[in-house]
1. I need every pair where a residue in region 9-23 that is closer than 23 Å to Ser114 by Cβ has its Cβ under 9 Å from the Cβ of a residue that is at pLDDT below 90 and surrounded by fewer than 13 Cβ atoms within 10 Å (Cβ to Cβ), sequence separation at least 6 or different chains.
2. Considering only region 1-16, how many residues are of a type in the set (S, T, N, Q) and surrounded by 15 or more Cβ atoms within 10 Å (Cβ to Cβ)?
3. Mind checking which residues of region 17-33 are assigned to a helix (DSSP H, G or I) and surrounded by fewer than 11 Cβ atoms within 10 Å (Cβ to Cβ)?
4. Looking only at residues in region 37-63 that are open to solvent by 90 Å² or more (accessible area, probe 1.4 Å) and assigned to a helix (DSSP H, G or I), which one is farthest from Thr24 (Cα to Cα)?
5. Looking at Ser87, Ser109 in this structure, which one is of a type outside the set (A, V, I, L, M) and in contact with a Cys (Cβ under 7 Å, 6 or more places away or on another chain)?
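The values are calculated or read from the model by the stated rules, or taken from the named source; none is laboratory data. In this text the structure is predicted, and so the values were computed from the model without any measurement. Cβ atoms come from the backbone with ideal geometry, glycine included; neighbour counts cover every protein chain shown. Ligands, DNA and RNA are stripped out before the accessible areas are found, and what is left, the full protein with its side chains, is counted by its heavy atoms. Shrake-Rupley method; radii C 1.70, N 1.55, O 1.52, S 1.80 Å.
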Amino acid sequence: MKQKLLLVSLGVLAYIPFHALLSTWAISNFGNESFIKAFKDIVVLAVGIGCLSMAIKSKIKLSSTEKTLLTALGLFVALHIAYLPFSHSTVQATAGLIVNLRYLIFFGSLYFLSRELKAENT
């Protein structure tokens, strides 16, 4: 599971520089602009959820700095999710939530995966 999540994350990382070119090509040929533009964000969110489920089951010991960093990241995400029910448009608010949090989710996912793979190899 870890290797699959890492491969998907690295795939997203490799896709980012070509996103504008490939998404413009796909939109002009297939339509469905909203889905094509949001696809990478949906993949990042899925990887983040997968990493979160693995983190709950994981027994890796973290330093105090790592705990502080990941706690701040988690609280920021929780704050955004807590605000979601109070927004006016749930579809647009959910899309905005994913856009606002995609970099943090991607950072947290890659950090967790690197820690897991490092612990596995030692």
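1. Sorted first by the residue in region 9-23, then by its partner, the list stays empty.
2. Adding up the residues that qualify gives 1.
3. Taking region 17-33 as the starting set, the residues that turn out to be assigned to a helix (DSSP H, G or I) are 17-30, 33.
Within region 17-33, Pro17, Phe18, Ala20, Leu21, Ser28, Asn29, Phe30 qualify.
4. Here the answer is Lys57.
5. Working: Ser87 fails: in contact with a Cys (Cβ under 7 Å, 6 or more places away or on another chain).
Among Ser87, Ser109, only Ser109 is of a type outside the set (A, V, I, L, M) and in contact with a Cys (Cβ under 7 Å, 6 or more places away or on another chain).
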